Amino acid sequence: MRALDENETFKITPLPAGRKAVGGRWVFAIKSGPNEEKHKARFVAKGYSQIPEIDYDKTFSPTARMTSIRTVIQLAVQNNLDVHQMDVKAAYLNAPIDKEIYVEQPEGYVVKGKSSEKLVLKLKKSLYGLKQSGRNWSMKLQSHLIEQGFVQSKADPCVYVLHSSRQPSDHAILVVWVDDIIIAASNSTLMTDIKTKLSLNFQMKDLGKISWFLGIQFCHSMNSITLNQKKHVEKLLEKFKMTDYKPKYTPCAINLNKFLNEPAEKADARLYKEIVGSLIYIMTATRPDLCYVIT
């Protein structure tokens, strides 16, 4: 609730006649990082109860392509750029809401009205769970970056390029994945300037030199940055109870055709899709050698 209050996300008001409030609920999660574990509680809207053309219109919001992330890292290595990362705290709550939306009050924080008067939250900002919140945040950040002189890539709308007007040799590239931002800058002064301007507009967490991003570990050496998902893969092995399986030198069985023709028990369709989906993410991020087997 602190984040909702700090961002002035709503005001409590009577529900207008003829309007229906969108439902809301608490979501509890344990967020694990490489060195810490956080317990989080977030009040979200039940987006599935929104009414089209009344509560929302457009909902699409882009995310950076994995090829864009790898390309920017490669350019950073080739051009000796510093590569840092930042995280936007409660990102969606920074974006103004685009519709007149009313949400049920959160359990445990209900303010009662006079007699039978029903009080609800009239949103001023984009609440998590709403269908359009991701889009609203994306457009808010896009507007800020363009105001700061960044040019949005035509190849990937989540990549932005900056050429300093004060010093032509100074340049930077930003990659945005919802509330996670990669910054590659030609020098520390420009890096600090970008971070400062972001922090003046949004609540930011400076994570320093990039090390973990979307479950990918970035390892720095003198002339290279290598990417791996070792810990991510280990967590998947634990999740799917495969830690006792012997490792293989190649991702594909030598006698694959023979194996495919052998009779087998019917697999759990949901589990199968979950495993394949997990492998597809690894494939697109750091392990293209899995493509043949997965697809």
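No value in this document is a laboratory result; all are computed from the given coordinates. Here the structure is a predicted model, which is why all the values come from computation and not from measurement. Reconstructed Cβ throughout: ideal geometry from the backbone, glycine too, with neighbour counts over all protein chains shown.
Extents of region 1-149, taken as max minus min of Cα coordinates on every principal axis and listed largest first, are 68, 36, 26 Å. Gyration tensor analysis over the Cα atoms of region 229-294 returns equivalent ellipsoid semi-axes of 20, 16, 13 Å (largest first, whole Å). By the count of other C-beta atoms within 10 Å, a proxy for reagent exposure, THR63, THR243, THR9, THR226 are ordered fewest to most as THR243, THR226, THR63, THR9.
Cα centroids of region 156-208 and region 1-30: 32 Å apart. Per residue of the chain, the DSSP helices (runs of n ≥ 4 H) give a summed -39500 (n - 2.57) that works out to -8500 deg cm²/dmol at 222 nm. Overall, the ratio between the Cα radius of gyration of region 52-98 and 2.2 N^0.38 Å, rounded to two decimals, is 1.76. Taking PRO52, PRO96, PRO247 as the candidate residues, the one with maximal mean-square fluctuation in a Gaussian network model of the chain, Cα springs under 10 Å, is PRO247. Highest mean packing first, where packing is the average number of other Cβ atoms within 10 Å per residue, the peptides 20-28, 104-112 line up as 20-28, 104-112.
Given the pairs LYS89/LYS140; LYS11/LYS125; LYS124/LYS195; LYS38/LYS273; LYS20/LYS131; LYS11/LYS58, which are separated by over 20 angstrom at their Cα positions? Intermediate values should be presented prior to the final figure.
Working: LYS89/LYS140 14 Å; LYS11/LYS125 10 Å; LYS124/LYS195 26 Å; LYS38/LYS273 29 Å; LYS20/LYS131 16 Å; LYS11/LYS58 24 Å.
Too far apart for the 20 Å limit: LYS124/LYS195; LYS38/LYS273; LYS11/LYS58.
If only the Cβ of Lys and Arg carry +1 and only the Cβ of Asp and Glu carry -1, the dipole of the chain around its Cα centre is close to 560 debye. Neighbour counting of Cβ atoms within 10 Å sorts the residues LEU93, LEU15, LEU271, fewest neighbours leading, into LEU271, LEU15, LEU93. Size descriptors for region 89-163: radius of gyration and Dmax over Cα atoms are 17.3, 61 Å.
When only C-alpha pairs under 8 Å and at least 6 residues apart count, what is the relative contact order of the chain, in percent?
Details: 430 pairs, mean separation 55.7, N = 295.
Dividing the mean separation by the residue count of the chain yields 19 percent.
Computed from the alpha carbon atoms alone, the convex hull of the chain holds 196 Å³ per residue.
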